[in-house]
Amino acid sequence: MTVNNGKKAVEFYVAAFGATERERFEMPDQKLTSVIEIEKAEFYVGDEEPQYGNLSPDLKSNSPVRIILQTKNADELFEKALKSGATEICPMTTENDWRIGKLKDPFGHIWEIGYTL
């Protein structure tokens, strides 16, 4: 995931989703690339590098990519994300055999958090 402030993004993912930062690569100008893990799912989070075409999503529009995090702790993580600064798109709800909610993190990434009943 490309973000506009890697350090704050890692802090958000730790607070909101209980992420563990497994590895951090410091780059010039206070930038970083970090490997985080959320419930055994591994993500790379890195600051923008326009010279290589790595840009974060536009915060004013919706990202064309959805991250779907399947976890039995969906309700808890959804609430923690909102308290940590995410914006609710769709509240936690039950649809057929699926419990799910949708939010946008402070860095423009869209998350669907849920589990199969």
Query - Every residue from region 14-54 that is outside any strand (DSSP E or B) and either on the phi > 0 side of the Ramachandran plot or in contact with a Ser or Thr (Cβ under 6 Å, 6 or more places away or on another chain) (or both) - result: A15, A16, G18, D29, Q30, E39, K40, E48, G53
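Mind checking which residues of region 71-89 are open to solvent by 50 Å² or more (accessible area, probe 1.4 Å) and closer than 19 Å to E39 by Cα? Even if it seems obvious, please write down each step before you answer.
Taking region 71-89 as the starting set, the residues that turn out to be open to solvent by 50 Å² or more (accessible area, probe 1.4 Å) are 72-73, 75-76, 79-80, 83, 87-89.
Passing the criteria: K72, N73, D75, E76, E79, K80.
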Report task. Just give me the residues in region 57-70 being touching a Gly at 6+ places or on another chain (Cβ under 6 Å) and open to solvent by less than 80 Å² (accessible area, probe 1.4 Å), in sequence order. Result -> P57, S63
Query raised in the report: When the residues of region 90-107 are filtered to those that are touching a Lys or Arg at 6+ places or on another chain (Cβ under 9 Å) and under 21 Å from N4 (Cα atoms), which remaining residue is surrounded by the most Cβ atoms within 10 Å (Cβ to Cβ)?
Result: F107
Report summary line: Taking first residues from region 30-56 that are open to solvent by less than 60 Å² (accessible area, probe 1.4 Å) and second residues anywhere that are of a type in the set (D, E) and assigned to a loop (DSSP other than H, G, I, E, B), the pairs with Cβ under 8 Å that are 6 or more apart or on different chains are N54/E48; S56/E48
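The values are calculated or read from the model by the stated rules, or taken from the named source; none is laboratory data. The model shown is predicted, which means the values in this text are computed figures rather than measured ones. Cβ atoms come from the backbone with ideal geometry, glycine included; neighbour counts cover every protein chain shown. For accessibility, only protein heavy atoms count, side chains too; no ligands or nucleic acids. Shrake-Rupley method; radii C 1.70, N 1.55, O 1.52, S 1.80 Å.
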